[in-house]
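Every read-out reported here was derived from the displayed coordinates using simple, explicitly stated rules and does not represent laboratory data. Computed from a predicted structure; not experimentally measured. All Cβ positions, even for glycine, are placed from backbone atoms using ideal geometry, and neighbour counts span all protein chains on display.
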Amino acid sequence: MADTAVPLEAGAETAHRPGLLKRILFHNLPAKIAALPMMATVLVVFVGCTIWTVYYSFTNSKLLPTGKFVGFDQYERLFQTSRWNVSVTNLVAYGAMSLVFTLVIGFILAVLIDQKIRFESAFRTIMLYPFALSFIVTGLVWQWIMNPTLGLQGTLRNLGWSNFSFDWIANPRMVLFAMLIAGLWHGTGFCMVLMLAGLRGVDEEVWKAARVDGIPTWRTYVSIVIPMMRGVLITAIVILGSGIVRLYDLVVALTNGGPGISSEVPAKYVFNYMFSGGNIGQGLAAATMMLLTVLIIMVPWAYLEFGGKGKRT
Amino acid sequence: MQHSVSIKDLSLNFGNVKVLEHLNLDIAQGEFIVLLGPSGCGKSTLLNCIAGLLDVSDGQIFIGGKNVTWLEPKDRGIGMVFQSYALYPQMTVERNLSFGLRVAGMPKDEIARRVARAAEILQIQPLLNRKPANLSGGQRQRVAIGRALVRDVDVFLFDEPLSNLDAKLRSDLRVEIKRLHQRLKNTMIYVTHDQIEALTLADRIAIMKNGVIQQLADPHTIYNKPTNLYVAGFIGSPSMNFIAGTVDGTTFTAADGTKIPVGAYDFAAAPAGSLKAVLGVRPEHIFLGEDADDVPYRTTAEIEIVEPMGSETLAWTKVAGIPVTFRCSSDIPLNVGDKVTIGFDIARGSLFNAETENRL
Ligand SMILES: Nc1ncnc2c1ncn2[C@@H]1O[C@H](COP(=O)(O)OP(=O)(O)O)[C@@H](O)[C@H]1O
Ligand SMILES: [Mg+2]
């Protein structure tokens, strides 16, 4: 079979060489037709909307996207706005802490659960529950808990512990940590389940080999198991990272950006300017900056991850 | 003489499941022992107990005269090779070999020396900078053997090291393991379910069934004087022919009344009176035509199936109403329906007590 198929294929190729373009177009035509809706969606929704966003960020559009071209004016104004600058700083600080702590705590929880404990599936389910809730619910719940008069602080003071103090949510210097608590509560369970799947994917014989080699357990995790979990780690970082960049609903429900502007985030800035501030140009400029930041991080990484592959193998 | 590995009264339970019970095994210095048995009979469990990867429920293990029952694997003086290779995938071959030594804090030049020696013995020098993903199965298993080698230990443990390889590689690597043993003269304990591997490699084979060693002997004895029906049926391919009947003095009577004289058989203890028994004859101990002139029992049989295997031919027939296979040279023309004379070489056969299944 294979013997005859190869020369046939080669013959067909030489015969069709002049019509290369035609071949590219019509080769495997049904598959291309089937992919058309998807391609159209990508072109219109992703590429089209992105171009639209970038274009109108250079206009002075107010309530409607009709303004005239004003160059970089919107961007100049953006970076002179302290609310935007605070938003960016907040996102970087919150994002870094949330990413690191979610991964570390998620991994540690997964390692603990991996010790063949009893009621494992019950634990897993409980830990995963917060992730099933929307950020709005998470935010509201933690807003009640951390509310100085109604929540934990008020309750403990009413019980007689009169100098107990837990007012992070109302304290501009601590409000990010209040957000962090809610964010971790929401995300670590999910991270743990992902990590657990990764840990379970490690061949038991690798563990045995490491024991025979006399490698301590912690060292086996650090030097052997974690490198083997690369795929899971990347998945977790991408999912957590995209959640961090579009962080909006948690802030709205928990602090609504307050006190003052101390817990503002970029997505909230975009939303406020576009839909309630009536300044589409400014909102779109902010959105473009967010996109640009994501691209600056993603493109080199994607290039390293996928671009170099052909050379490596 | 001091034993290299000595297992005394070893028991191991998983919860209520008793996998090994009161198992005893003494292995001499430099001996190549194969643990052979079907899947699930407890071979890996026994090997993991020796390695210290499982805590024994009862009994003791000595390695090099030292009681190691409660020592960590790394302190037992063993190296181990696994079926799935169990290499560290994100490390180069060189690092796979040296990682354990580095963690143990060995001096750099000593590590380099050992890695170089292992690489030379296993001929993996060109692979030292590759990652396991870029190696073939045979190369990976070589690296895994190398990782045991650099530990410079007295006892090597192999858990089905060739089972993930294809047939050609398997026979190549089998020879290499044998060569390695001849060169290093270490004690080796080798687990397999493949009888060819067992027969070709072992100094002694321990045949296991349900966690019990059925017979521990050199391959020749295992093959020619199986101690019970299970061992007789497990070893040999195609397997031994079995004819059930009774034995009385020097006469074996098959179920259908066929009488076979067994005076030439070397009884361990001649049965008193009549006894239900099973006669076992290997396919190559059944002779065809003139070759059968000198054997104690001859009969005429009709050929039912002929399987030419290249170097020899396997033929199926019936004796005493029971299907029987025999081997003969492929030069002899055999056709289905031929009536041929075949003879049993009783002296090389086996007789078993039908109730206890032990050799008579
Ligand atoms: N961790 C375990 N828990 C419970 N039973 C086990 C465990 N490991 C093995 N067993 C049982 O012990 C028996 C022997 O297993 P094993 O030693 O792996 O057999 P094999 O001879 O195929 O290597 C099997 O019946 C298996 O089901
Ligand atoms: Mg096994």
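Before moving on, here are some points about what is shown:
- For segment B:8-104, the strands (runs of 3 or more DSSP E) that sit wholly inside it and include 2 or more residues that are within 13 Å of another protein chain (Cβ to nearest Cβ) and buried (at least 21 other Cβ atoms within 10 Å of the Cβ) are B:78-81.
- A single entry from A:V222, A:V202 fulfils the requirement of being outside any loop (DSSP other than H, G, I, E, B), within 30 Å of B:K74 (Cβ to Cβ) and within 14 Å of another protein chain (Cβ to nearest Cβ): A:V222.
- Taking segment A:246-280 as the range and being among the polar types (S, T, N, Q) and either more than 17 Å from A:L184 (Cβ to Cβ) or assigned to a helix (DSSP H, G or I) (or both) as the test, the residues that pass are A:N256, A:S262, A:N272, A:S276, A:N279.
- Any chance B:I27 is under 19 Å from B:A217 (Cβ atoms) and either within 16 Å of ligand 2 (Cβ to nearest atom) or not small (G, A, S) (or both): yes
- Of the helices (runs of 4 or more DSSP H) lying entirely inside segment A:75-178, those containing at least 2 residues that are within 21 Å of the chain's Cα centre (by Cα) span A:82-113, A:120-132, A:135-146.
- Listed by first and then second residue, the pairs linking a residue in segment B:303-321 that is without any contact (Cβ under 8 Å) to a residue 12 or more places away in the chain to a residue that is among the hydroxyl-bearing types (S, T, Y), with Cβ atoms under 7 Å apart and 6 or more places separating them unless they lie on different chains, are B:E307/B:T313.
- Residues being within 16 Å of ligand 1 (Cβ to nearest atom) and in contact with a strand residue (DSSP E or B) (Cβ under 8 Å, 6 or more places away or on another chain) - total across segment B:155-193: 12
- Residues being surrounded by fewer than 18 Cβ atoms within 10 Å (Cβ to Cβ), within 14 Å of chain A (Cβ to nearest Cβ) and farther than 16 Å from B:F99 by Cβ - total across segment B:116-143: 2
- Selected residue (only one of A:G243, A:G231 is more than 30 Å from B:Q83 (Cβ to Cβ) and either assigned to a helix (DSSP H, G or I) or more than 10 Å from every other protein chain (Cβ to nearest Cβ) (or both)): A:G243
- Selection status of A:F123, crowded, with 16+ Cβ neighbours inside 10 Å and aromatic (F, W, Y): yes
- Single residue of A:K62, A:K22 found to be farther than 12 Å from A:A285 by Cα, not in a helix (DSSP H, G or I) and not β-branched (V, I, T): A:K62
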